[in-house]
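Q: Would you mind keeping the following structure in view while I ask a few things?
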Amino acid sequence: MSNNSAMKAVWAWLRMVLWAGLGLQIFFVTQIGCMRFIDLPSSAFERSQMWQILRQQGRLPWRQEWVDAAQISGHLKRAVMASEDSAFLQHNGVWWESIEKAWGRNEKAKATAAKQAAQQATKQAEKRADKQGTKAATAAPTVKIVGGSTITQQLAKNWLLSGERTLLRKGQEFVLTLALEALLSKQRILEIYLNHVEWGEGVFGAQAAAQHYFKKPATQLSAWEAARLAVMLPRPRYFEKRPQSPYLAERAQTIVNRMNDVVAP
């Protein structure tokens with residue numbers, strides 16, 4: 001194949017990739033436009049969870065019921081904003097200050113973990129020197145990575161994208177976040193988010209969470225109950241199995257104290 005033919009083939013491939021990418025963006029934007037008027041049944045994340053639960057258990061214990069924003073307790077709206085995104089009404093989908101703070105916390109956590117690992121390795125080396133033939137495995141400290149994602153970014157990620165952590169997916173998430181903010185109101189974004197966010201294994205949305213944990217509709221949640229649900233959001237399946245967690249109770253009280261400073265859309 002001549003150089004000219006090879007270049008033509010490369011350009012043809014690039015054009016195909018660009019057209020495919022453009023088509024995907026049009027598909028996503030069209031879906032977001034439909035979300036202004038239509039309550040779509042499930043997100044990409046929910047569908048992946050459905051398949052995972054069905055494959056593991058052979059059945060599908062699933063709780064979800066769409067309710068309009070007016071049927072969701074104002075306490076829950078404010079609690080989720082206070083816990084997940086206190087600047088929800090001020091930013092355009094991306095809260096750069098939060099991302100910067102999260103980056104700083106993660107770098108500090110990594111440095112601390114590296115220091116602890118080095119100290120553990122030194123202690124293990126000293127023990128081996130004192131007692132030949134004894135082998136002890138050194139477990140690296142777990143680094144808890146925190147995110148700086150806004151409610152809109154979480155909606156973009158869970159509704160339309162996979163859960164993989166790649167630069168390409170983060171870039172797509174950024175584009176979809178801006179599209180959500182441009183095409184939907186803050187009230188609509190929060191309404192969709194609260195109806196589809198995960199609150200336990202097979203438990204999605206505010207109505208299902210309120211019924212599952214407190215045996216009442218979402219509109220009747222108290223401030224403390226709403227705060228407790230909000231605290232669960234980063235790790236819902238973890239806290240579902242640990243309802244007596246001291247952290248859950250302490251953090252819920254912190255969120256209750258912050259809720260009066262938050263105005264829901």
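Taken together, the values in this text are just the output of simple stated rules run on the coordinates, not laboratory data. Just so you know, these numbers come straight off a predicted model, no measurement behind them. Ideal geometry is used to build each Cβ from the backbone, glycine not excepted, and the neighbour counts take in all protein chains shown.
Q: Counting only other residues whose beta carbon sits under 15 Å from that of Arg78, what net charge do I get with K and R as +1, D and E as -1?
A: Values: positive: Lys77, Lys186, Arg228, Arg258; negative: Glu84, Asp85, Glu191, Glu225, Asp261.
So the surrounding residues net to -1.
Q: Here's something else I'd like to know. Could you compute the net charge surrounding Trp66? Neighbours are other residues with a C-beta less than 14 Å from the C-beta of Trp66; K and R count +1, D and E count -1.
A: Values: positive: Arg63, Arg188; negative: Asp39, Glu46, Glu65, Asp68, Glu191.
So the environment of Trp66 carries a net charge of -3.
Q: ³J(HN,Hα) across segment 247-253 via Karplus (A = 6.51, B = -1.76, C = 1.60, θ = phi - 60°), whole Hz, x for Gly/Pro?
A: Per residue, the Karplus-derived 3J(HN,Hα) values read 4, 4, 5, 5, 5, 4, 5 Hz.
Q: In whole angstrom, note down how far apart the Cα centers of segment 194-265 and segment 15-43 are.
A: Each part's Cα centre sits 31 Å from the other's.
Q: Return a whole-number percent for the relative contact order of segment 175-265, with Cα pairs under 8 Å and 6 or more residues apart as the contact set. List each step's numbers first, then the result.
A: Numbers: 73 pairs, mean separation 20.0, N = 91.
Dividing the mean separation by the residue count of segment 175-265 yields 22 percent.
Q: All other residues with a Cβ under 11 Å from the Cβ of Trp159 taken together, and with Lys, Arg as +1 and Asp, Glu as -1, what is their net charge? Can you show the working numbers first?
A: Numbers: positive: Arg47, Lys157; negative: Glu46, Glu173.
Around Trp159, the surrounding residues sum to 0.
Q: Still on this structure: Tell me, what HN-Hα J-couplings in whole Hz come from the Karplus equation 6.51 cos²θ - 1.76 cosθ + 1.60 at θ = phi - 60° for each residue of segment 74-91, using x for Gly and Pro?
A: So the Karplus estimates, Gly and Pro as x, are x, 4, 5, 4, 5, 5, 5, 5, 4, 8, 9, 6, 5, 9, 3, 7, 9, 8 Hz.
Q: While we're on this one: For each pair in Lys77/Lys157; Lys216/Lys241; Lys186/Lys215; Lys157/Lys186; Lys77/Lys186, compute the distance between the two Cα atoms and list the pairs where it is over 23 Å.
A: On the way: Lys77/Lys157 20 Å; Lys216/Lys241 20 Å; Lys186/Lys215 29 Å; Lys157/Lys186 17 Å; Lys77/Lys186 12 Å.
Checking Cα-Cα distances, Lys186/Lys215 exceed 23 Å.
Q: If you plug each phi of segment 228-237 into the Karplus form 6.51 cos²θ - 1.76 cosθ + 1.60 with θ = phi - 60°, what whole-Hz ³J(HN,Hα) values come out, in order, with x for Gly and Pro?
A: These are the phi-based 3J(HN,Hα) values: 4, 5, 4, 5, 6, 4, x, 9, x, 6 Hz.
Q: Starting from the amide H of Trp199, placed 1.01 Å from N in the peptide plane, find each other amide H under 5 Å away whose residue is 5 or more places distant or on another chain.
A: Phe204, Gly205
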